[in-house]
Amino acid sequence: MITVIENQPPALKITQLKKIYGDQFEALKGIDLTVEAGDFFALLGPNGAGKSTTIGIICSLVRKSAGTISVFGCDIDTDFSNAKRHIGVVPQEFNFNQFEAPIDILVNQAGYYGIGRRVALERAERYLKQLGLWERCSEASRTLSGGMKRRLMIARALIHEPKLLILDEPTAGVDIELRRSMWDFLCDINQRGTTIILTTHYLEEAESLCRNVAIIDRGVIVQNTSVKALIKQLSMETFVLDIRDGLTHAPVVDGYRIVHTDSHCLEVEVASGQSINPLFAALGGQAIEVLSMRNKTNRLEELFISMVEKKLPEVQT
Amino acid sequence: MSRYEIWIAFATIVRREVRRYLRIWPQTLIPPVITIVLYFLIFGNLIGGRIGSMAGLPYIQFVAPGLIMMSVITNSYSNVVSSFYGSKFQRNIEELLVSPTPNIVILLGYVVGGMSRGLGIGAIVTFLSLYFADFSIHSLPVTIAIVLLTSMMFSIAGLLNAIFADSFDDISIVPTFILTPLTYLGGVFYSTELLSDFWANVALINPILYVVNTFRYGFSGVTDINIFWAFAMVLLSISLLFVVTLRQLQHGSRLRS
């Protein structure tokens, strides 16, 4: 279970953060965001919403136009050395020297944080073993698979043992099995006290892992709440029912809208808080045997789309 | 960061830089040595024998300090420009930018890495030149001081070039169209006494003229220019380059959007 650590300053506190590229494009329009220590936090938003710009500013790779940011109480402008010490970042794109070996990449990164070689080597071995890279630790990192490169970036971000880990699309392009093992790893380090912020396009990932969520769209935070509270906002869910015997048309059940998609499959819309027991009873009464049931789409995905769609302009045709 | 942590960060950058050029030694160490040996063979032995003396020195002794300095300049510059731009291109420069390593330590780390290659190649070339020419040292302090400062100056210049570069073309334009012509016109192969007054005065705006002549003075006591003025020019250039480069690391839009 994820625990928020009390009596600590927030892991991240963003106040009125603005970023204007050039003279015109306002990528961030004064966002406020607080992530508590120990949280597992999702920052969601469509492409170009401002997620990567926000992360870039926190990590000092992008210069802000206005606003303040503090990390565990350390202002990134006035106390940048301590603020940076607290942050580990896993960017979306591979950004390590592809000609260097993983062990060298990790030891060098530790060195940039003032960690001596002996300690750095011990930590590098530990993280490379935990992430299944130890056997390849001395090979040029360009020879690693995509999933291995992504795990290497996680190991690199952890080498100085930050209190806040920021992951920008950490499982993009990673196969399902590896994604699950990375989730387990992230849950494990979160349970041991590391605050995690992740951006992702896999909303199932956010729903499974995260306790709190912010949705950013066109430089504005449009939602900032717990994942549970967000899910409660869902007014309607669609379930897919797999049927044993072939049907030629959708059965009629009072209180439910049922769509016949093919002879062995039905889609049922269920309102939030509505029981589904009467549905099964009615289907049983019509000799329709349900083999399995699943959500048509991820619940968070439905909400996300509805929230972002509200803000999208109509397409001119 | 504490002083000890800053030292670790600095040593990490320097060690990584040295390992980089040692790892690719067929590209970084062998070609400059072969090039300079060919210069010695052609300009020193074959053609130099027919030229006779220059500024009162046998031509091989006149040209040797310039050739050594040429290798120091080009290797100091090219090491930093290619390494730093390579880091920008692969984006692994972000490893440093997100860390608490102060910008001045990043600058010094790259510069010392570049100096180690420039001075290392210079030492190898000096050793090889003993086969072609007899050397005597007129002033060891001047020789050592000017070679260190020159290596530092061109390492910083290489870093500045890399910060501004947006493509691999940008890191080859300066060495090809500025550094090489300035080196050839910087008194390596001839004395400015051979030039007309006008061109001799034009040559004074070339910084390489100062470092080559001062280095030659360190070996033979022969120079076309005042060495105190030369040291002042070199120190001024280093100071300006240092301030501009540090400012770019801190506030420049080339590294942080």
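The numbers here are math on the coordinates, done by the rules we state, and not lab data. Values in this document were obtained by computation on a predicted structure and should not be read as measured data. Quick reminder, even Gly has a Cβ in these numbers, built from the backbone with ideal geometry, and neighbours come from all protein chains shown.
Computed across the stretch A:121-197, the Kirkwood radius stands at 12.9 Å (inverse of mean 1/r, all Cα pairs). Only one residue of A:T200, B:V188, A:Y256 has its Cα farthest out toward the positive end of the dipole of the protein assembly as shown, where Lys and Arg carry +1 and Asp and Glu -1 on Cβ, and that residue is B:V188.
Spatially, the stretch A:2-66 and the stretch B:52-105 are offset by 40 Å when compared through their Cα centroids.
Note on B:18-31: average number of Cβ atoms from other chains within 10 Å of each residue's Cβ is 1. Helix screen, chain B: DSSP H segments with Cα axial length of 18 Å or more and mean Kyte-Doolittle hydropathy at least 1.0 are B:103-129, B:140-164, B:227-251. Mean partner shielding of peptide B:3-10, defined as the number of other chain Cβ atoms within 10 Å of each residue Cβ, is 4. When only the Cβ of Lys, Arg, Asp and Glu is charged (+1, +1, -1, -1), the dipole of the protein assembly as shown relative to its Cα centre reaches about 1380 debye.
For the stretch B:161-195 and the stretch A:154-227, write down the distance between their C-alpha centroids in whole Å. Using only Cα atoms to place each centre, the spacing works out to 49 Å.
In this structure the amide hydrogen of A:I243, modeled in the peptide plane, comes within under 5 Å of the amide hydrogens of A:C265, A:L266, A:L291, none closer than 5 places in sequence on its chain.
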